[in-house]
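Heads up, the thing below is written out as structure tokens.
What follows draws every value from the coordinates through simple rules; no lab data is involved. Just so we're clear, the structure is a prediction, and the values are computed from it rather than from any experiment. Virtual Cβ from ideal backbone geometry, glycine too; neighbours counted across all protein chains shown.
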Amino acid sequence: RNLHSPMYYFICCLAVSDILVSISNFVETLFILLIDNRVMVLEDETARHMDNVMDVLICCSFMASLSFLGVIAIDRYITIFYALRYHSIMTIQRAVLVIVAIWVISTSASTIFIAFDDNKTVVLCLLTYLLFMLTLIMGLYIHMFM
């Protein structure tokens, strides 16, 4: 029964998103090697579409990983500072809603980033998101342990 805590759902989703990052990078590297060594020949348009799909998967997984790290930090914060009300604040239904929202927002944002295909903008958006999440996580943990 204790393993049905929302925290374990968040940790499981973090693991899934991290695995997706690894698989996406592996598949993209494999395609690049096959194309560079002329084992697989693709038209330029097809290669560009495959690259966009891989970029969306990597970007989505990266954003989801950061989001789940942030949600885990928020969950721990609620556990420590609102211990008596934790189970009424963080229900399984709310956890599932947060998980679905993270995946939908990560997928939508990464699709939009890649669709506009301006590498500088994509990197700037991801870097901004990374810094925001790191600031949030560090702020929560500093407040918890001070």
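Some observations on this one:
- Note on Leu42 and Val96: the extension gain reaches 15.4 nm, defined as 0.36 nm multiplied by sequence separation minus the Cα-Cα distance.
- Helix axis angle, 6-36 relative to the chain longest principal axis, alpha carbon, degrees: 10 degrees
- Ordering of 93-100, 45-52 by packing [mean C-beta count within 10 Å, highest first]: 93-100, 45-52
- The angle between the Cα long axis of helix 92-116 and the main principal axis of the chain comes to about 30°, on a 0 to 90 degree scale.
- Taking a point 7 Å out from the Cα of Thr29 in the direction of its Cβ, the residues of region 64-95 whose backbone N falls within less than 20 Å of it are 65.
- Counting 0.36 nm for each residue step from Leu127 to Phe81 and taking away their Cα separation leaves a gain of 13.5 nm.
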